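For reference, the structure is listed below as structure tokens.
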Amino acid sequence: TLLDDDAIPDVHFLAASQTVSESVGAVSFRVDLDAVSGRSVQVAYAVTGTAGSLDHTLLSGTLTFAAGTISKSVLFSVLDDNLYEPTAETVIATLNTPVNAQIVMPDTYTLTINDNEAQPQINIGDVTITEGQTARFLVTMSGPAQDPVTFDWLSVDGTATSASGDYTAQASAS
């Protein structure tokens with residue numbers, strides 16, 4: 001009778017972090033064993049972070065290493081959108097529930113996704129009115145934004161002046 005007295009291998013992410021642009025497309029991370037095992041090894045990973053399902057396709061899962069296998073890669077996609085996001089978002093995978101292995105550092109992989117859209121610009125259209133009418137300006141943005149957009153404004157003299165009574169000076173209340 002043979003007694004299996006081999007130590008169980010350590011399992012860990014090859015890299016603890018990576019930073020990509022939102023336009024990268026495919027991304028992968030690798031999980032390694034520090035030694036060849038004569039047994040099948042399993043390790044689960046849970047996915048958290050600030051990025052949601054509209055930002056990437058990674059789901060929690062389990063990796064199975066056949067006997068003799070020392071690395072596994074997980075491929076997923078970063079989803080590009082046309083939405084301005086002012087802060088980077090993260091996808092975090094954390095190893096858990098090993099079978100025939102023990103988890104060591106780095107046990108967490110963090111993917112940082114930097115946005116690739118320019119900050120939207122605010123445009124205020126010109127308006128021509130007859131004296132005595134109320135002026136209404138069309139305000140547009142060059143693209144969508146993740147967060148609410150606010151801005152300050154004020155009226156300034158041109159050929160019409162507030163001092164001469166052509167208009168009543170106005171400003172936003174901040």
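The values are calculated or read from the model by the stated rules, or taken from the named source; none is laboratory data. Everything numeric here is computed off the predicted structure, so don't read it as measured data. Note that each Cβ is placed from the backbone with ideal geometry, even for glycine, and that neighbours are counted across all protein chains shown. Each accessible area value is taken on the protein alone, full model and side chains, heavy atoms only, with ligands, DNA and RNA left out. Shrake-Rupley method; radii C 1.70, N 1.55, O 1.52, S 1.80 Å.
It is to be established whether one or more residues within region 2-10 are assigned to a strand (DSSP E or B) and exposed (fewer than 13 other Cβ atoms within 10 Å of the Cβ). The answer is no, given that none of the residues of region 2-10 is assigned to a strand (DSSP E or B) and exposed (fewer than 13 other Cβ atoms within 10 Å of the Cβ). The set of residues from region 33-69 being within 20 Å of Thr108 (Cβ to Cβ), touching a residue at least 24 places away in the same chain (Cβ under 8 Å) and of a type in the set (A, V, I, L, M) comprises Leu33, Val41, Val43, Ala44, Ala46, Val47, Ala51, Leu58, Leu63. Pairing residues of region 1-23 that are more than 18 Å from Pro98 (Cβ to Cβ) with residues that are hydroxyl-bearing (Ser, Thr, Tyr), at Cβ distances under 6 Å and at least 6 apart in sequence or on separate chains, gives Ser17/Thr110; Thr19/Thr112.
Tell me which residues, restricted to region 145-172, are over 35 Å from the mean Cα position of the chain (by Cα) and either of a type in the set (D, E, K, R) or open to solvent by 90 Å² or more (accessible area, probe 1.4 Å) (or both). Leu154, Val156, Asp157, Thr159, Ala163, Asp166, Thr168, Gln170 - these are the residues of region 145-172 that are over 35 Å from the mean Cα position of the chain (by Cα) and either of a type in the set (D, E, K, R) or open to solvent by 90 Å² or more (accessible area, probe 1.4 Å) (or both).
When the residues of region 98-122 are filtered to those that are of a type in the set (A, V, I, L, M, F, W, C) and open to solvent by less than 60 Å² (accessible area, probe 1.4 Å), the one that is nearest to Asp152 (Cα to Cα) is Ile113.
Within region 73-129, take every residue that is among the β-branched types (Val, Ile, Thr) and assigned to a loop (DSSP other than H, G, I, E, B) and give me the one that is farthest from Thr140 (Cα to Cα). In this case the residue turns out to be Val104.
Check region 83-98 and report whether any residue there is charged (D, E, K, R) and within 17 Å of the chain's Cα centre (by Cα). Yes - at least one qualifying residue is present in region 83-98.
For the structure I just gave you, tell me whether Gly25 is at pLDDT 95 or above, exposed (fewer than 14 other Cβ atoms within 10 Å of the Cβ) and under 14 Å from the mean Cα position of the chain (by Cα). Spell out the reasoning first.
On the way: at pLDDT 95 or above: yes; exposed (fewer than 14 other Cβ atoms within 10 Å of the Cβ): yes; under 14 Å from the mean Cα position of the chain (by Cα): yes.
Answer is yes for this residue.
The set of residues in region 83-97 that are in contact (Cβ under 8 Å) with a residue 60 or more places away in the chain and either under 14 Å from Gly25 (Cα atoms) or surrounded by 17 or more Cβ atoms within 10 Å (Cβ to Cβ) (or both) comprises Tyr84, Glu85, Ala93, Leu95.
Find the residue count for region 59-82, including only residues that are among the aliphatic types (A, V, I, L, M) and open to solvent by 50 Å² or more (accessible area, probe 1.4 Å). The qualifying residues number 6.
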